[in-house]
Amino acid sequence: MRKAVKKILSLITIILTVSSIAGALLERPVLISYVTSGSMVPTIHENDLIFINPLAINYGVGDIIVFESDGKWICHRIFAITDKGFLTKGDNNIAIDQLEGQSAVKPDKIAGKVVTFMDKPVVIPGVGDKLGLISAYAWEHRFIMLVLLAIAGLFQIVGGEKATKKKTRRFLKIRFSQVFVAASFSVILLLTVVSALMIGGQDIQYGTTVAGNVRPEWVLPGSTFERPILLENRGVYPYLYVVKDDGGRASVKKWFLLGPGESKEVDVIIRAPKETSIYSEHIIIARYLPVAPLEFLATLALYNHFLPILVIDFEFAMFFVLLYILTGSNEVYKIRLPWRLRS
């Protein structure tokens, strides 16, 4: 009985950890999240962990959903449904969110529906801060997380069956399949890291002042203006370029293919604030190997700039699987050891 309980607790811990890491890497809640305010009291309290059903498609009045608004993820209840989208409200709030300046929630902005049991949300109280720490660490060290997950998968695949009894050997046996899988994962892991490093950005800085247009970097408060970004492919391969805004006041969503030595200028539309100050808008610039239909990769990148990397990794993985089927063998290599190996 105790072993079963330990296994269940271990499984829950793994699910929470992996979901936190996945959510941090994808920059969106995945399966679980937590509430950071008291807007849903008494239904859900601050720091409560909630479970999300990302496959829900039919939303109705009274459903509690997790959605994105102005770059933030919010957990509120659907108050009404209109032609423009869902109107939402926190159970502890007096007014609906849309009266406070938020737009109606579109279905594509929803991460999922909060899981309920007997019309009450399933929560784990008071553990949200732990999940936040895991997510923050995973995002800060996202490349390390990718490496660890890949290594974990590699050991799971090539680890083989456990020995039923211990014995000593002077030879280390390595199958061709193990060597092939290790080499394939190394290539895919390297490709993942390089692809992630090719996702960067550029900041556009400007100042709002009544003396706008006196200098190129000065604009009038509340005005709308354009700023160009020059992109150059200095590599030896063609790349799919995806340029998109990072939210806020800038607006751009463009994608195109640039061959080696080619360049292209992209105009970014910016809506300047009415307050006079110095501002900066961040533009995401991502490059991808064009190994899949360009429009498909671009659509994924405009939604989340890490998704095309997963597609590229999958394509290379399928290539290695096909290569193994065509050239693989069941050969076993023996390596003589200078000491006895216990197994």
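The values are calculated or read from the model by the stated rules, or taken from the named source; none is laboratory data. What you see is a predicted model, and the numbers here were worked out from it, not measured in a lab. Reconstructed Cβ throughout: ideal geometry from the backbone, glycine too, with neighbour counts over all protein chains shown.
Taking only pairs six or more apart or across chains, which ones have beta-carbon atoms under 6 Å, a first residue in region 173-192 that is farther than 22 Å from I309 by Cα, and a second residue that is of a type in the set (G, A, S) and surrounded by fewer than 17 Cβ atoms within 10 Å (Cβ to Cβ)?
Short answer, once both residue conditions are applied: F176/S329.
Return the total of residues in region 267-283 being under 19 Å from I199 (Cβ atoms) and either surrounded by 19 or more Cβ atoms within 10 Å (Cβ to Cβ) or touching a Ser or Thr at 6+ places or on another chain (Cβ under 8 Å) (or both).
Number satisfying all stated conditions: 3.
Run down W255, W218 and say which single residue is among the aromatic types (F, W, Y) and within 30 Å of F316 (Cβ to Cβ).
Answer to the check: W255.
Scan region 150-173 and tell me whether some residue there is at pLDDT 75 or above and among the polar types (S, T, N, Q).
No: zero hits.
Scan region 242-257 and give yes if some residue there is exposed (fewer than 14 other Cβ atoms within 10 Å of the Cβ) and out of contact with any Asp or Glu (no Cβ under 9 Å at 6 or more places or on another chain), otherwise no.
No, region 242-257 has no match at all.
Having 3 or more residues that are modelled with pLDDT of 90 or more is the bar; report the strands (runs of 3 or more DSSP E) wholly within region 243-343 that clear it.
253-258, 263-271, 278-288
Is at least one residue of region 208-229 within 28 Å of P308 (Cα to Cα), hydrophobic (A, V, I, L, M, F, W, C) and outside the structural domain of W73 (by TED's automatic domain parsing)?
Yes, region 208-229 has at least one match.
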